[in-house]
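Read-outs throughout are calculated quantities, based only on the coordinates presented, and are distinct from any laboratory measurement. This one's a predicted model, so the numbers in the text were calculated from it and none came from an experiment. Because the Cβ atoms are built from the backbone with ideal geometry, glycine has one as well, and the counts that use them run over all protein chains shown.
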Amino acid sequence: MGLYRAVARPLYSLPPEAAHRLAQSILSLPLPWERIGGTPKDPALRTSLAGIELSNPVGLAAGFDKSCRHLDALGRLGFGYVIGGTITRDPRSGNAKPRIARYPGRGSMTNAMGLPNPGAEAAARTLSRSPRSGPRLASIADQGPGEVVATHALLEPHVDGVELNASCPNVSWGRDRDNEAHMALLMRELGARRTSPLFVKLPPFRSDVEREAVLALARIAQDGGADGLTCSNTRPVSDRRLSVGAGGLSGRGLFPDTVRIVGDVRAATGGALPINACGGVFSAADALACLDAGAATVQVYTGLIDRGPRVVRDIVRGLSVARSGRSLAPSSPAGQDGTRPGGLRREFGATAAAGERRPGPTGGPGGRPAGRGPEALR
Ligand SMILES: Cc1cc2nc3c(=O)[nH]c(=O)nc-3n(C[C@H](O)[C@H](O)[C@H](O)COP(=O)(O)O)c2cc1C
């Protein structure tokens, strides 16, 4: 039995939040995380994400390490980059429990955490004391622009970039406001201050109305100077097992949407911004599909819970093999030097970006925020 299985198998018999707490305690131990992860280093997978140099394009999505206490151990498992948070200006305890429900055997779960986190000052202290073994980002969100700016200012000195979470389905702010005006204001405020790359994490979309609303947000982020976009967050669903009756679906159920959304957002933003694909990425084949659709990197959360830390190794190893198998493919006209914006060399991916005609950034049609109302779990 491998070291991970021996240490972590019992986690699966615990309720989700207890398992998560135990996993966090294990991550605090001085274990050989590189060996446990076993992730190979392949120079061919090096990726520049908006100027942040990554050893591979597989990131840890926001929300796994909400306190930013375990980013070093998580990075050493082999992630190309890790995201801590989401952090708000003041500490939050989040929603009442239960706030995570699993769908056993389906590689999916629903959460209604409500952004519990220690607050920006505590997170900044933690980050200032923890080793920086690899690239790390902080995810931030808040009620008002003043709080977002304050959180950004506190955290930015300790990370390589910031991801603005403009898409959490489990908090009430944002539901009743004009999302486009709010996004434009946030981008103005942050754009004037930031000194490192700023990413915006968008909600997912399914219907045409949602699509127009999210693409409008993407263009506003782009026009406001965002350095990259993350597509996407969880999808709102009903679940009576959660205290609040609804939450955000994550995992396998999102994957087909993820690939489609990456392609749509890439086209809407003219291919000018790197996109981090997030939602249901469990394998190298999933990651390749996202990269082929135009993503520069992928982010993983539920796959880590479902498959354990070796999921990073498996994805990176698979990408490495695919990369070597495809290296003789004709180079693509996507970029002058054969690279995607912020991404891997084109021969690594397939043909999605080849010959694409990209519209210039335009103001999108208005629309209500995407994915707001809970829907039945399919
Ligand atoms: C329990 C849980 C907590 C999460 N918390 C956050 C969060 O604080 N901030 C955020 O931007 N995304 C959060 N997410 C969303 C993930 O970052 C990711 O976007 C989503 O789960 C889809 O990826 P996946 O299918 O690989 O899990 C959370 C997801 C889960 C399952």
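The table below gives the values:
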{"item": "Amide H partners (placed H, <5 Å) of D65, local residues excluded", "result": "G85"}
{"item": "Simple spin-label estimate for A44 and S243 in nanometres, 7 Å along Cα-Cβ", "result": "5.0"}
{"item": "Set of aspartates and glutamates with alpha-carbon distance to K41 below 13 Å, sequence-local pairs under 8 removed", "result": "D314"}
{"item": "Cα-based reach from K97 at 16 Å (exclusive), listing aspartates and glutamates while leaving out same-chain residues under 8 positions away", "result": "E17, D239"}
{"item": "Added length on full extension, which subtracts the Cα-Cα distance from 0.36 nm per residue, R21 to R260", "result": "82.7 nm"}
{"item": "Amide proton proximity set for N233, modelled H, under 5 Å, gap of 5+", "result": "L202"}
{"item": "Backbone HN-Hα couplings from phi across the range 46-55 [Karplus 6.51/-1.76/1.60, Hz, Gly and Pro as x]", "result": "4, 9, 9, 9, 6, x, 8, 7, 10, 6"}
{"item": "Computed E for D178/S128 - FRET, C-beta separation, R0 30 angstrom, nearest 0.05", "result": "0.25"}
{"item": "Among beta bridges that DSSP assigns inside the range 59-122, antiparallel share in %, nearest 5", "result": "60"}
{"item": "Karplus-derived HN-Hα couplings along the range 34-43 (A = 6.51, B = -1.76, C = 1.60, θ = phi - 60°), whole Hz, x at Gly and Pro", "result": "4, 5, 4, x, x, 7, x, 9, 10, x"}
{"item": "Gain on full stretching of the segment that runs from R35 to K97 - 0.36 nm per residue minus C-alpha separation", "result": "18.8 nm"}
{"item": "Listed peptides 62-73, 79-90, 97-108, 114-125 by packing density, highest first (mean Cβ within 10 Å)", "result": "79-90, 62-73, 114-125, 97-108"}
